[in-house]
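Some notes on the structure that comes next.
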Amino acid sequence: MNIKSSYLTISALAFALLSPISHSAPGAHGPNGEHLDGAVSGDGSGLTRLPDGSLNVPKQAQRRMAIRTVMGIEDNYPLTVELNGRVAIDPNAGGRVQAPFSGRIEAGPKGLPVTGQQVEKGQVLIRITPVASAIDRGNQQAQLADLRANRILVEQKVKRLESLEGTVPQKDIDAAHAELNSLNGRERAVSASVGGSEAITAPASGIIATANVLSGQIVEARDVLFEVIDPNRLFVEANTTDISLTNRINQASLAAHPEIELTLLGGGRSLRDGALPISFQAKGKGMALAVGQPVTVIVKLTEKIKGISLPAEALVRSPENQAIVWIKSGAERFIAQPVEAKAIDAKTIVVVKGLASENRVVVSGTALINQIR
């Protein structure tokens, strides 16, 4: 080889090394084989969004943002449905305390219970002293006075008949005793309604969820005084318009609390506000749920869907509010890909449209990449 030929060979090799790579990087194809990696114009160095909408993220920035990617695996996954629900008291592990009659609140032996306090089943929470209008109270007092007077007369009658035992029939003595017992019972009942009080006890063991009493407060019959719940056993009621959904449920979980165990109890057959209620029992230690709290229930059905499973954090929203994932198409280049996805549970989604199994999808640091403008 002469010197001229050697010079030409070295020049060609240098030109090839310095020239940009023309073919697409792995993972730059869509689900139908189309090229996602278009021609890039502009400066591709540094952390920036390129004119075609893709991102250039240097390796050092990727390490700082803890960016991780995975290859999607296509398979069959359970079809899921999201339902709106609300937390309620488990009727078998809690209860509601209501006033049996109109009365005045008095503290129990341990004082007035407060929200969050631990109570035991049968524990005296408060005492209620009956109250009545002036006319009703006057009538009760007059009735009590009549009963006391009649009791005194009957007591004297019983003593007189007992002193004549053997000369008067035994049936007259027994009748006098029965009359005296009846008057004693009536006097105690009326006396309790005039000046007595009734103890109100806890219907179940647990904590006080709500307390609506103060010392000296006047309450009406059926007013809610306390709600007692077991914090480790609650009730979730979800709503659906699909009558057949209950029979297709395989598993359920809460979107914001995947650690809580939900057990299907059954579905209603009567519409409530245009929807059917589905009941779940929630169990778990230290559940961060409150009675009345709205929740999202993710229900896994017995049907299957085909798609690519990804962590839920891989799915983000574009500025146009479109669901997207970020695909790594090169060492430092990332492309936004619109997709259709369904949630499997609180931590996993299935992309049913928009991805191919060869795409390398960002599953960690997605939110940070999505903020680059």
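Tabulated data
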read-out	value
Matching entry among A189, A175, A134, A99 (being aliphatic (A, V, I, L, M), open to solvent by less than 50 Å² (accessible area, probe 1.4 Å) and either over 30 Å from T246 (Cα atoms) or modelled with pLDDT of 85 or more (or both))	A99
Residue ID - farthest from V350 (Cα to Cα), chosen from residues in region 315-331 that are aliphatic (A, V, I, L, M) and part of a loop (DSSP other than H, G, I, E, B)	A331
Selection within region 267-322 - among the hydroxyl-bearing types (S, T, Y) and under 15 Å from the mean Cα position of the chain (by Cα)	S279, T296
Filtered residues of region 77-89 (kept if modelled with pLDDT of 90 or more and either open to solvent by 30 Å² or more (accessible area, probe 1.4 Å) or closer than 30 Å to I126 by Cβ (or both))	N84, R86, V87, A88, I89
From L125, L144, residue being assigned to a helix (DSSP H, G or I) and open to solvent by less than 40 Å² (accessible area, probe 1.4 Å)	L144
Region 317-343 - residue that is under 13 Å from R360 (Cα atoms) and polar (S, T, N, Q) and, of those, modelled with the highest pLDDT	Q337
From G33, G42, G27, G46, residue being at pLDDT below 85, part of a loop (DSSP other than H, G, I, E, B) and open to solvent by less than 30 Å² (accessible area, probe 1.4 Å)	G27
Failed condition for I243, given (1) within 12 Å of the chain's Cα centre (by Cα); (2) modelled with pLDDT under 90; (3) over 20 Å from Q117 (Cα atoms)	(1)
Matching residues in region 161-171 - criterion: being part of a helix (DSSP H, G or I) and exposed (fewer than 12 other Cβ atoms within 10 Å of the Cβ)	S163, Q170, K171
Criterion violated by A356 - all others in (1) in a loop (DSSP other than H, G, I, E, B); (2) within 32 Å of the chain's Cα centre (by Cα) satisfied	(2)
Condition check for V219: touching a Gly at 6+ places or on another chain (Cβ under 8 Å), in contact (Cβ under 8 Å) with a residue 40 or more places away in the chain and among the aliphatic types (A, V, I, L, M)	yes
Test set (1) under 30 Å from T129 (Cβ atoms); (2) of a type in the set (S, T, N, Q); (3) open to solvent by 80 Å² or more (accessible area, probe 1.4 Å) - N150 fails condition number	(3)
Unmet requirement for A323, which otherwise passes all of (1) aliphatic (A, V, I, L, M); (2) without any contact (Cβ under 8 Å) to a residue 24 or more places away in the chain; (3) more than 26 Å from T240 (Cα to Cα)	(3)
Considering residues of region 102-118 that are within 28 Å of Q293 (Cα to Cα) and hydrophobic (A, V, I, L, M, F, W, C) only, the residue surrounded by the fewest Cβ atoms within 10 Å (Cβ to Cβ)	V114
Any hit, region 73-86, residues being more than 30 Å from N370 (Cβ to Cβ) and not acidic (D, E)	yes
Of all residues in region 261-274 being aliphatic (A, V, I, L, M) and at pLDDT 90 or above, the one that is least open to solvent (accessible area, probe 1.4 Å)	L262
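The values are calculated or read from the model by the stated rules, or taken from the named source; none is laboratory data. Predicted model, so just to flag it, every value in this text is computed and none were measured. Virtual Cβ from ideal backbone geometry, glycine too; neighbours counted across all protein chains shown. Please note that ligands, DNA and RNA were not included when accessible areas were found on the heavy atoms of the full protein model with its side chains. Shrake-Rupley method; radii C 1.70, N 1.55, O 1.52, S 1.80 Å.
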